[in-house]
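Asks: The structure that follows is given in the form of C-alpha cells.
The values are calculated or read from the model by the stated rules, or taken from the named source; none is laboratory data. Computed from a predicted model, the values in this text were never measured in an experiment. Cβ: placed from backbone, ideal geometry, glycine included. Neighbour counts: every protein chain shown. Note: accessible area is taken over every heavy atom of the protein model, side chains too, but ligands, DNA and RNA are not part of it. Shrake-Rupley method; radii C 1.70, N 1.55, O 1.52, S 1.80 Å.
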Amino acid sequence: MSQRYVIRPTVPEDSQALLDLLSDTPQEGSIQLNFERQPNYFYATYIGTSDPDLWVMEDTQAKIIVGAFSIGKRNVFINGVPRAVRYASDLRIHRSQQGGRALYRMFKHYKEQTKDEWMQTVILEENKASMDTVSSGRTVLPTYYPAGRYRTNMIDLRRTEKRKIKHYVRRATADDVVIMQAFFDKEARKKQFYPCYDFSLIGTDNDYYRDIRLSDFFLAFESNGDRQNLIGMTGLWDQKNLQANTHCRLR
C-alpha cells in the first residue's frame, strides 16, 4: 500500500499550490507580514537563503500540498565570524492538518536531513501559535534557545518632512564598493546572526541580490568635508518586480 503523506524536495510545478497554502495560513498578530511571492512562490527562495533547501508534505490521495518548510543556508556573523547557518522559515501547515501529525512528520524529516546541525529562526512575538509550539517541550521538536529580540522600524512614506542634515549624503556608485564592504564588515560583525553581504555581487545575475542596485544605497559621510569617511549607509530594495517567467534553481 502506498504511503499517503510524502515529504519531498520542491519542484517548480509546486509554485501555485504553495501560493495557495501561504494565503490560507496567515501568521497571527496585529499585523500580518508575508514576503510577496506572486506570481511565483520561488521568487523569494534565493533572497532568503543563498543555498535553498525547501520541502513540502504532499497528500498523495487528495493530491494537494498540506505542509511546507524551508531550511536553507546563508552566511551570517557568529561571534564576529562569517558562518553558513541554516535558516528555518516558511513553516506552513494546511488548516485541515493542524493539530494532527503533520508537524511531527515534518520535524522528524528535518532531523533526518540535518543531523546535528543547528539553525536560526525568527518568530513574531504576537504569533502565539508558533511561540506556544516552540516552547511546548515536545520531544519531536528541536531544542529552541532564545537568542534575543529584533526590532524592525517601519517608515511611513505618506508623510513628508523637511529636515536639515548634518552630513553629506549621496547615492552609491560602483566606485564605492570597496569602502561599503569595509564599513559593512566592520559594523555588521558586531551583531549576532547578521547576514553577510558581498557588495561586489550587487548588479550581477546572482539570485541572492536580485533586483537591487548599487544606486539603491544611500551613503552618509562626515560633514567636515572628508567625503571618504563613511559613517552610515542604508538601502531601499524594491522587491515587487515579479515576472511570470521567474525561474529558480531548486535542489
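Asks: Do the conditions hold for VAL66, that is, is it touching a residue at least 12 places away in the same chain (Cβ under 8 Å), in contact with a His (Cβ under 9 Å, 6 or more places away or on another chain), surrounded by 13 or more Cβ atoms within 10 Å (Cβ to Cβ) and part of a strand (DSSP E or B)? Before the answer, list the steps.
Replies: Values: touching a residue at least 12 places away in the same chain (Cβ under 8 Å): yes; in contact with a His (Cβ under 9 Å, 6 or more places away or on another chain): yes; surrounded by 13 or more Cβ atoms within 10 Å (Cβ to Cβ): yes; part of a strand (DSSP E or B): yes.
Criteria met by VAL66.
Asks: Of all residues in the range 156-179, which are under 13 Å from THR234 (Cα atoms) and either assigned to a loop (DSSP other than H, G, I, E, B) or hydrophobic (A, V, I, L, M, F, W, C) (or both)?
Replies: Kept after step one, since they are under 13 Å from THR234 (Cα atoms), are these residues of the range 156-179: 169-172.
Across the range 156-179, the qualifying residues are VAL169, ALA172.
Asks: Okay, next question. Scan SER96, SER130, SER89 and give me the residue that is touching a residue at least 60 places away in the same chain (Cβ under 8 Å), surrounded by 11 or more Cβ atoms within 10 Å (Cβ to Cβ), not aliphatic (A, V, I, L, M) and not in a loop (DSSP other than H, G, I, E, B). Outline the logic, then answer.
Replies: On the way: SER96 fails: touching a residue at least 60 places away in the same chain (Cβ under 8 Å); SER89 fails: touching a residue at least 60 places away in the same chain (Cβ under 8 Å).
Of the residues listed, the single one that is touching a residue at least 60 places away in the same chain (Cβ under 8 Å), surrounded by 11 or more Cβ atoms within 10 Å (Cβ to Cβ), not aliphatic (A, V, I, L, M) and not in a loop (DSSP other than H, G, I, E, B) is SER130.
Asks: Next question. Looking at ARG105, ARG83, which is the one that is among the basic types (Lys, Arg), within 30 Å of PHE184 (Cα to Cα) and either surrounded by 14 or more Cβ atoms within 10 Å (Cβ to Cβ) or at pLDDT 90 or above (or both)? Working first, answer last.
Replies: Working: ARG105 fails: within 30 Å of PHE184 (Cα to Cα).
Residue meeting the stated conditions: ARG83.
Asks: Mind counting the residues in the range 191-213 that are in contact with a strand residue (DSSP E or B) (Cβ under 8 Å, 6 or more places away or on another chain) and either among the charged types (D, E, K, R) or more than 25 Å from ARG83 (Cβ to Cβ) (or both)?
Replies: Number of matching residues: 1.
Asks: OK, next. Just give me the residues in the range 7-28 being assigned to a loop (DSSP other than H, G, I, E, B) and not charged (D, E, K, R), in sequence order.
Replies: Narrowing the range 7-28 to residues assigned to a loop (DSSP other than H, G, I, E, B): 10-11, 25-28.
Listed by number, the residues that qualify are THR10, VAL11, THR25, PRO26, GLN27.
Asks: Right, next: Of all residues in the range 24-61, which are within 18 Å of the chain's Cα centre (by Cα), modelled with pLDDT of 85 or more and hydroxyl-bearing (Ser, Thr, Tyr)?
Replies: TYR41, THR49, SER50
Asks: Is it the case that some residue within the range 151-170 is closer than 19 Å to TYR87 by Cα, open to solvent by 80 Å² or more (accessible area, probe 1.4 Å), under 19 Å from the mean Cα position of the chain (by Cα) and modelled with pLDDT under 90?
Replies: Taking the range 151-170 first, the residues closer than 19 Å to TYR87 by Cα are 151-152.
Adding the requirement that they be open to solvent by 80 Å² or more (accessible area, probe 1.4 Å) leaves 151-152.
Subsequent filtering for residues that are under 19 Å from the mean Cα position of the chain (by Cα) retains 151-152.
Now restrict to residues that are modelled with pLDDT under 90: 151-152.
Yes, the range 151-170 contains at least one residue that is closer than 19 Å to TYR87 by Cα, open to solvent by 80 Å² or more (accessible area, probe 1.4 Å), under 19 Å from the mean Cα position of the chain (by Cα) and modelled with pLDDT under 90.
Asks: Keeping to the range 69-80, report how many residues are on the phi > 0 side of the Ramachandran plot and open to solvent by 30 Å² or more (accessible area, probe 1.4 Å).
Replies: Of the residues in the range 69-80, the ones on the phi > 0 side of the Ramachandran plot are 79-80.
From what is left, the residues that are open to solvent by 30 Å² or more (accessible area, probe 1.4 Å) are 79.
Going through the range 69-80 one residue at a time, the tally reaches 1.
Asks: Select from the range 181-215 the residues that are among the small types (Gly, Ala, Ser) and in a helix (DSSP H, G or I) and write down the one among them that is least open to solvent (accessible area, probe 1.4 Å).
Replies: Taking the range 181-215 as the starting set, the residues that turn out to be among the small types (Gly, Ala, Ser) are 182, 188, 200, 203, 215.
Applying the additional criterion that residues be in a helix (DSSP H, G or I) yields 182, 188, 200, 215.
Numbers: ALA182: 62, ALA188: 5, SER200: 71, SER215: 43 Å².
Checked the range 181-215; the qualifying residue least open to solvent (accessible area, probe 1.4 Å) is ALA188.
Asks: Would you tally the residues in the range 106-125 being of a type in the set (Lys, Arg) and not in a helix (DSSP H, G or I)?
Replies: Here is the first cut: in the range 106-125, the residues of a type in the set (Lys, Arg) are 108, 111, 115.
Imposing the further condition that a residue be not in a helix (DSSP H, G or I) reduces the set to 115.
Qualifying residue count, the range 106-125: 1.
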